[in-house]
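Every number here is computed from the coordinates shown, using simple stated rules; none is lab data. In this text, all values refer to a predicted model and were calculated from it rather than measured experimentally. Backbone-built Cβ (ideal geometry, glycine too); neighbour counts: all protein chains shown.
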Amino acid sequence: MPASATWARPEDLVESLSSLDNTARLKALRDVKNQIIGNKTKKLSYIKLGAVPRVVEILASDTEIPLLVQSAAAVGSFACGIDAGVRAVLDSGVLPHLLKMLQNGDTKVAETCARALKMIFHSPLAPKSDMFQGHRMELLLQLLNHDNENVSEVAARVLARCCESKEHQQALADAGGLQSLVSLLAGSTKIREAALDALAALTKNNKQISETVIKMHNGDALISIIRLIKDKSPLSRLLACMCLANIGKACPGGYAQEGEVRATMLGILMKLLEEAGQAGEDSPGVLADLVANNEELQKAAAEKKAIEKLAEFLLREEVPYKQLEGVLWGLTELCAKLEESRRQLLELKVEGSLVAALRHPCEGVKVAACSCIASLSRSVKNLRTSLASEQFVRPLLQLMNDPCPGVQGAALTVVGNIVLDFTPQKLVFMQTDGIAQLTNLSQSMDHTLRRNAVLALKNLLFMADVTVKRRVMAELTVSTLCDLIRDPEEEVQEQAVSLVRNLVHGDPDFIEQIFSDGSMLFQAVEKQLTNHRLEVSVQALYVMNNVACGSEVHKEAVLASVLRSRSGNKSSWLICFLQDMSNPQLRVVAVVCIINLLDPAGGDISSRVMRLREAGVEAQLRKMVDDSCLDVKYHVKSALECFTPATVTTSSGR
């Protein structure tokens, strides 16, 4: 007769967990644990029956070793592979009891509690911030040096999972965590890999800690990690590469032999792509970090056929989500700058796989897919061919409504690229609710989403025809655009003013749009001419230059703005741009604006010449005839010709 036939009813087993008889409690623990191992349905059933709080109560209050071992084992089983189980054990207050039992003198109790803690911290629901409360961090650091290797390993693994912010990283480093973890690199393979895992978490996107690791023990700590990239264990090689990729990304050129080490790592990571388990699954993401912002390494990776190898994973029907995410990030970085790499990837016919990745249930995969498409969309040729299909646009429109802001932001970035001056994609937006979606996102509470949405609308208007401009403004409205120009975030302001620049470019009818509703839009842009952030004020200058290309009325409006901005000893915004030596392009645009103001549009320019002269513009131009920039000198010469009596007389007589 199978053992399961002797089990009592679940309700009775749960009741027995609170029995005063130790033997009955022990049998109930064993039976519950054995039933729920690998059985999600049983776990959920026992959770509903209230078994978890009773199991935790045994761990918290009993002293008998068998009861402690079985209760800890049951906690681990409930937490293994199911969020509801993790939530149940955490809600029952298990964490302090597990931490306390890690110090139990009995080896089996300590090991079983360590395994249970490890299960909990495998889950995204793990209370990572809670580990920095009270003396828990100090306890984990002490446990790194525990006599029991299994306890030391779990302590390092938990520390690795807890470093999610720079504050957490620094708190751990300040408590002596770096020293303790580096000392574990000389331990067994299991201990070494746990220490490398934690060191990788500490150095990720952290320049200060990465610099500390480079300098520790006169460079010996770094040498220890470098040696491990050639370790026998594939996982040790992977984790050592992860640490060094983090350090190299945070501190490029931080140590003498970095170029040679990174070249070696590239070969190692290429081979690790073929490994099974964590080493193979995580290697694409580490490869992405290694080649990020390094064109030389990107070329070397391409020569080693990295594009083909990563694309092979992308084309497979089933790939673990973490590996797929890493593959997409790897392709993102490899195609970020190199047109040849983009060409290679698209020749492998990955478009269908990229679209499938956009529809993947995992948020990280969707973000990585968007980033990969964004890299490909940096090529004008790709935008007009491979990426021109509706198969990309429609999934991206869906992702703009994704519940995850990170996914929305990534989708908006791609949309901003693919609608830039290319008719097929703009047509899809006109035929769907894409413009309405972008308008809604431009009013999001998340400033990154607002910025990306306005940027996409701006690009949609770039070189757009009247139909597109009318559709955008019908959705966006002048009032909303004014609010965006006055947004508290300067990055949003910049994109909103730049949107106006594209709106009034090349079309006299839409220059008039800036003066509707009592000139609200013109006034909003005018205020940004003196914004302390140069990126914003420059866009406002471009708007004024575009308006100055319009009718006599439009030119007079710009000139009136110049004159209004003078007060006392304060120069006008136009003079300020002419005097700005930070960027010659600013001076060029300011001079071109003057030329446009003095270009007759059917009227008399003599009045404008006189007012500009009185405002000190001509005098400033004469100071610029020997400007260090040839482009400025050329346009200054043309502008000064507009001030000559012959030119003024000729234009007046027209």
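Fewest-first ordering of Asp509, Asp626, Asp433 by other beta carbons within 10 Å of each residue's beta carbon gives Asp626, Asp509, Asp433.
Find, among the trypsin sites (Lys or Arg not before Pro) in the stretch 398-498, those assigned to loop by DSSP (not H, G, I, E, B) with at most 14 other beta-carbon atoms within 10 angstrom.
Answer by residue number: Arg486.
Free of any GluC sites (Glu not before Pro) that DSSP assigns to a loop and that have at most 14 other C-beta atoms within 10 Å, the longest stretch within the chain is 319-488. Over the C-alpha atoms of the stretch 98-239, the Rg to Rh ratio, Rh being the Kirkwood estimate, stands at 0.95.
Only helical runs count toward this figure. For the chain, summing -39,500 (n - 2.57) over DSSP H runs of n ≥ 4 and dividing by all residues gives -21000 deg cm²/dmol at 222 nm.
Extension gain, Lys381-His122: 0.36 nm per intervening residue step, less the Cα-Cα distance, totals 88.9 nm.
Only alpha carbons enter this Debye calculation for the stretch 1-127, each as an equal point scatterer, and the log10 of I(q)/I(0) it gives at q = 0.10, 0.14, 0.16, 0.22 Å⁻¹ is -0.26, -0.52, -0.69, -1.31.
Apply 1/(1 + (r/R0)^6) to the Cβ-Cβ distance of Gln391 and Lys337, taking R0 = 35 Å, and write down the FRET efficiency to the nearest 0.05. Calculated transfer efficiency: 0.85. In a reduced charge model with +1 at each Lys and Arg Cβ and -1 at each Asp and Glu Cβ, the chain shows a dipole moment near 300 debye about its Cα centre.
Normalised by 2.2 N^0.38 Å, where N counts its residues, the alpha-carbon radius of gyration of the stretch 489-617 equals 0.99. Distance from the Cα centroid of the stretch 26-60 to that of the stretch 433-485 is 54 Å (rounded to whole angstrom). For the pair Gln208 and Cys362 in one chain, pulling the backbone fully straight at 0.36 nm per residue adds 52.3 nm over the alpha carbon distance.
The trypsin sites (Lys or Arg not before Pro) of the stretch 47-110 include none that meets both criteria, a DSSP state outside H, G, I, E and B (loop) and at most 15 other C-beta atoms within 10 angstrom of the site's C-beta.
Cβ crowding within 10 Å ranks Thr264, Thr439 as Thr264, Thr439, fewest other Cβ atoms first.
Whole-Hz Karplus values for the stretch 64-74 come out as 6, 4, x, 5, 5, 5, 5, 5, 5, 5, 5 Hz, taken residue by residue from phi with 6.51 cos²θ - 1.76 cosθ + 1.60 and θ = phi - 60°; glycine and proline positions read x. The stretch 497-522 and the stretch 215-238 have Cα centres lying 60 Å from one another.
Evaluate the chain: find the radius of gyration of its Cα atoms, find its Kirkwood radius, and give the ratio Rg to Rh.
Checking Rg against Rh, the ratio lands at 1.11.
In terms of other Cβ atoms within 10 Å, Met430, Met473, Met131 run from fewest to most in the order Met430, Met473, Met131. For the stretch 470-486, the Karplus equation 6.51 cos²θ - 1.76 cosθ + 1.60, evaluated at θ = phi - 60°, returns couplings of 5, 5, 5, 5, 5, 7, 6, 6, 4, 4, 5, 5, 4, 4, 5, 5, 9 Hz by residue, with Gly and Pro reported as x.
Rounded to the nearest 0.05, the FRET efficiency derived from the C-beta distance between Ser516 and Asp465 at R0 = 22 Å is 0.65. In order along the stretch 149-157, the Karplus-derived 3J(HN,Hα) couplings, from 6.51 cos²θ - 1.76 cosθ + 1.60 at θ = phi - 60°, round to 4, 5, 5, 4, 4, 5, 4, 5, 5 Hz, and Gly and Pro are given as x.
Cross-linked pairs Lys207/Lys426; Lys33/Lys366; Lys48/Lys366; Lys204/Lys304; Lys204/Lys527; Lys43/Lys108: Cα-Cα separations exceed 32 Å for Lys207/Lys426; Lys33/Lys366; Lys48/Lys366; Lys204/Lys527.
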